[in-house]
1. Determine whether R38 is exposed (fewer than 13 other Cβ atoms within 10 Å of the Cβ), modelled with pLDDT under 90 and basic (K, R).
2. Let me spell it out: the conditions are (1) within 13 Å of I2 (Cα to Cα); (2) buried (at least 19 other Cβ atoms within 10 Å of the Cβ); (3) out of contact with any Phe, Trp or Tyr (no Cβ under 8 Å at 6 or more places or on another chain); (4) not hydrophobic (A, V, I, L, M, F, W, C), and N75 meets all of them except one. Which number is the exception?
3. Tell me which residues, restricted to the stretch 63-100, are closer than 24 Å to V24 by Cα, hydrophobic (A, V, I, L, M, F, W, C) and outside any helix (DSSP H, G or I).
4. Write out, first by first residue and then by second, each pair whose Cβ atoms fall under 9 Å of each other, whose residues are 6+ apart or on separate chains, and whose first residue, in the stretch 16-39, is over 15 Å from F77 (Cβ atoms) while the second is of a type in the set (K, R).
5. Could you check, for the stretch 22-36, whether at least one of its residues is of a type in the set (A, V, I, L, M, F, W, C) and under 17 Å from E90 (Cβ atoms)?
6. How many residues does the stretch 23-78 contain that are closer than 23 Å to H99 by Cβ, touching a helix residue (DSSP H, G or I) at 6+ places or on another chain (Cβ under 7 Å) and of a type in the set (S, T, N, Q)?
7. For residues that are outside any loop (DSSP other than H, G, I, E, B) and of a type in the set (D, E), scanning just the stretch 29-62, find the one that is farthest from D4 (Cα to Cα).
8. Take the residues in the stretch 2-28 that are in a helix (DSSP H, G or I) and within 11 Å of the chain's Cα centre (by Cα); name whichever of them is surrounded by the most Cβ atoms within 10 Å (Cβ to Cβ).
Amino acid sequence: MIVDLIDVKRFLQIEDDITEHDPVISALIESVHKRIERECNCIFLPKDTEFPCDGKRYFIAEADVLLAIKILVCNLFEGRGGGSIPAHVEVMLHPFKEHAIG
């Protein structure tokens, strides 16, 4: 995963030693990561990762992508996520999306 469970728990203001929600949060992190990759039609990699030479679009997950994942996990975890990506998160992901002309 490109976002660490501990980082997301801190974003959610959950103490590190409280582990009862860890499986749910981990599943949400993975789900959100896949969702934004589908949305952007690319694959986000952790820092210090070499790009495979297979013709797919790869990007290193920078701070804006990591924050977008944390925000979406928070929305889903707290039960406020309606399935759509909020506009402020769309702005963070916009540079990574493929844009067709015409």
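1. no
2. Failing condition for N75: (1).
3. If the condition is that a residue be closer than 24 Å to V24 by Cα, hydrophobic (A, V, I, L, M, F, W, C) and outside any helix (DSSP H, G or I), then I85 is the only one that fits.
4. D16/K9; D16/R10; E39/K97
5. The answer is yes, given that some residue of the stretch 22-36 is of a type in the set (A, V, I, L, M, F, W, C) and under 17 Å from E90 (Cβ atoms).
6. Result for the stretch 23-78: 0.
7. Checked the stretch 29-62; the qualifying residue farthest from D4 (Cα to Cα) is E39.
8. V8
The values are calculated or read from the model by the stated rules, or taken from the named source; none is laboratory data. Bear in mind the structure is a predicted one, so any value in this text is a computation, not a measurement. When we count neighbours, we look across all protein chains shown, and the Cβ atoms used for this are built from the backbone with ideal geometry, even at glycine.
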